[in-house]
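The values are calculated or read from the model by the stated rules, or taken from the named source; none is laboratory data. Everything numeric here is computed off the predicted structure, so don't read it as measured data. Cβ coordinates were reconstructed from backbone atoms using ideal geometry, including for glycine residues, and neighbour counts include every protein chain displayed. Note: areas computed on protein heavy atoms with side chains; ligands, DNA, RNA excluded. Shrake-Rupley method; radii C 1.70, N 1.55, O 1.52, S 1.80 Å.
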Amino acid sequence: MKFENSLAFARSLDKQDSLKDYRKLFHIPKANGKEAIYLCGNSLGLQPKSVGQHLKVELEDWKNLGVEGHLHGKNPWLYYHHFFSKSISKLVGAKENEVVVMNQLTVNLNLMLISFYRPIGKRNKILIQANEFPSDYYAFEQQVKLHGLNPKDCIVEVLPRKGEVTLRTEDIVAKIEEHRDELALVMFSAVNYYTGQFFEIKKIADACCKHKIIFGVDLAHAIGNVELKLHEWNIDFATWCSYKYLNSGPGGVSGVFVNNYHAKNFSLPRLAGWWGNDEKTRFKMLKHFVPQAGAAGWQISNAPVLSMAAHKASLEIFDKAGMRALRKKSELLTGYLEFLLKSEVRSPRSEENFKIITPENSKHRGCQLSIQTKKNGKKLFEKITKAGVIADWREPDVIRVAPVPLYNIFEEVWKFANLLRD
Ligand SMILES: *Cc1c(COP(=O)(O)O)cnc(C)c1O
């Protein structure tokens, strides 16, 4: 599509947008007394208006039924995690029994590492991307130490080439080949939180499969943002959070994917609790743990119903909109933002002021663009914040902006780009 830098053009894109009515389903935060330009859905997604109602149902059942809500509530709490199987399996491209909603992201990452990081002899290394999210890094480090090993020897990073910021698939694959006999695990964030790069997960998975190396992915910035096919791609396990693109509220519940290949491998070490036990015998209060087959067998505690109620409200919206349509709009919306930033809006000195470090090819990114500022970046960020933009600043010099197809519109993207220029 040939883009134009004008408010009228931005508005015409909004008019043609088949998802335009979804914005009305969300509460838009205010700044300076009017709707803020909210470009922070990669950090905390906005609240669906239906969340209040969903929460109210559970509060009422708790109020009126007490413990009976477990069996006789409108959404019986005992089965709450089952309510997500269908929506989540569609979002990540999995069979229903390959996913379960539980806990928080880093907790789940640790649970998965206990089962799937199994160092044996010299096969004891974890391969990760440079600039991985710190929480993940801390988990890798401690898990290595739990095995009595040294993180310095066991964590291998794929680095960008000199002068580059993002990673090349061929370099990732080459690194896997180089360490093929020493790798116990390859673990990648599918979309990097800092650069916005969406990695070629299938190609990395193929390289791992070839040498029977376990491959896990962190979908924190990928779920609800890009289309995923975890089962088809032969991913071993994955985990994500729901408060970013899935709009399920601060600290919202996480989830995991475990490939059916491992569904009945009960010899894998794992942490246990009654919710992961066979449902038929869970309440017999027996002594020995009998894990359920599939991802559900990694559960530990009973479901956090109040936070799950918000998740449920939000996933209904994804079910209706569908990832295919969302991604289509997303590519156009981010493409428009990129066009405005790169060409039209550029002041003669803008090259000196900022550069987009996110890949240009829309296949290699989600909705986020990371704008590297050259000087006075923090000041620029503070200025746009004052003017009503909610984005985020990542040290040392990056402004991350994420136009989200569910609730952001082309008009806002146009306004943001012009604000940045001014
Ligand atoms: C957001 C994010 C986290 C946050 O972890 P929590 O356990 O949800 O606090 C972890 N890892 C990545 C890659 C993230 O993007």
Residue-span extension gain [TYR79 to LYS145] - 0.36 nm each, minus C-alpha spacing: 20.1 nm
Longest DSSP-loop-exposure-free segment, chymotrypsin sites (Phe, Trp or Tyr not before Pro), the chain, at most 16 other Cβ within 10 Å: 1-265
Interatomic Cα distance distribution for region 291-399, bins of 5 angstrom, percent: 2, 9, 13, 15, 15, 12, 11, 10, 7, 4, 2, 1, 0
Förster-model FRET efficiency, 35 Å R0, HIS72 and LEU268, C-beta, rounded to 0.05: 0.45
Gained length - GLU382 relative to ASP153, 0.36 nm times residue gap less alpha-carbon distance: 78.3 nm
Sulfur and carbon atoms: percent of accessible area, the chain [1.4 Å]: 54 percent
222 nm mean residue ellipticity, helices alone, for the chain (DSSP H n ≥ 4; -39,500 (n - 2.57); rounded to 500): -10500 deg cm²/dmol
At 1.002 mPa s and 20 °C, Stokes D of region 114-194 from Kirkwood alpha-carbon radius, µm² per second: 163 µm²/s
Cα gyration tensor category, rounded, prolate or oblate, for region 27-174 with a/c compared to 1.5: oblate
Separation of alpha-carbon centers, region 1-68 and region 181-222, rounded to whole Å: 31 Å
Angstrom value of the Kirkwood radius, inverse mean 1/r, which spans all Cα pairs in the chain: 22.7 Å
Of the trypsin sites (Lys or Arg not before Pro) in region 123-169, those whose Cβ has at most 15 other Cβ within 10 Å and which sit in DSSP loop: ARG161, LYS162, ARG168
Phi to ³J(HN,Hα) by Karplus 6.51 cos²θ - 1.76 cosθ + 1.60 over region 396-408, Hz, x for Gly, Pro: x, 8, 10, 9, 9, 10, 10, x, 9, x, 6, 10, 8
For PHE354, residues with placed amide H under 5 Å, excluding near neighbours: LYS374
LEU55 accessible area, assembled protein chains, probe 1.4 Å, Å²: 50 Å²
Per residue, in Å², the accessible surface of the chain once ligands and nucleic acids are set aside, probe 1.4 Å: 46 Å²
Volume of the Cα convex hull of region 180-259, divided per residue and given in Å³: 96 Å³
